[in-house]
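Encoded as structure tokens, the structure appears first; notes follow it.
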Amino acid sequence: MGGTGSAIAERRHAHLPLLLHPHPKHALFLGLGTAITFAAAGAHSDLEADGVELVPEIVAAMPQFKP
């Protein structure tokens, strides 16, 4: 459910599908939460990633999760 305790698993949620695709160029991350999964996409240099959060309360809480 997000947070630093599950960061390794959250990062895998980004890496696995991107590694399985032969040439990923674009990705959409729906439901950002703490943005750990979205941030992990940054390791894929040729990828253009967008993130969308649907819950306003999550957007308001996001600054608390900045590194």
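Values for this structure:
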quantity: Selection from region 10-21 of residues that are open to solvent by 70 Å² or more (accessible area, probe 1.4 Å) and either over 14 Å from Asp46 (Cβ atoms) or touching a helix residue (DSSP H, G or I) at 6+ places or on another chain (Cβ under 6 Å) (or both); calculated: Arg11, Arg12, His13, Leu16, Pro17, Leu20
quantity: Positions within region 25-47 being modelled with pLDDT of 95 or more and more than 12 Å from the chain's Cα centre (by Cα), in sequence order; calculated: Lys25, His26, Leu47
quantity: Ala7 modelled with pLDDT under 90 and touching a helix residue (DSSP H, G or I) at 6+ places or on another chain (Cβ under 6 Å); calculated: yes
quantity: Region 1-31 - residue that is in contact with a Leu (Cβ under 8 Å, 6 or more places away or on another chain) and not basic (Lys, Arg) and, of those, nearest to Glu53 (Cα to Cα); calculated: Gly31
quantity: Leading residue by the ranking (farthest from Thr4 (Cα to Cα)) among those in region 40-54 that are in contact (Cβ under 8 Å) with a residue 12 or more places away in the chain and open to solvent by 50 Å² or more (accessible area, probe 1.4 Å); calculated: Asp46
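The values are calculated or read from the model by the stated rules, or taken from the named source; none is laboratory data. All figures in this text were calculated on a predicted structure; none of them were measured in a lab. For neighbour counting, all protein chains shown are included, and Cβ atoms are generated from backbone atoms with ideal geometry for every residue, glycine included. Ligands, DNA and RNA are excluded from the accessible area calculation, which covers all protein heavy atoms including side chains. Shrake-Rupley method; radii C 1.70, N 1.55, O 1.52, S 1.80 Å.
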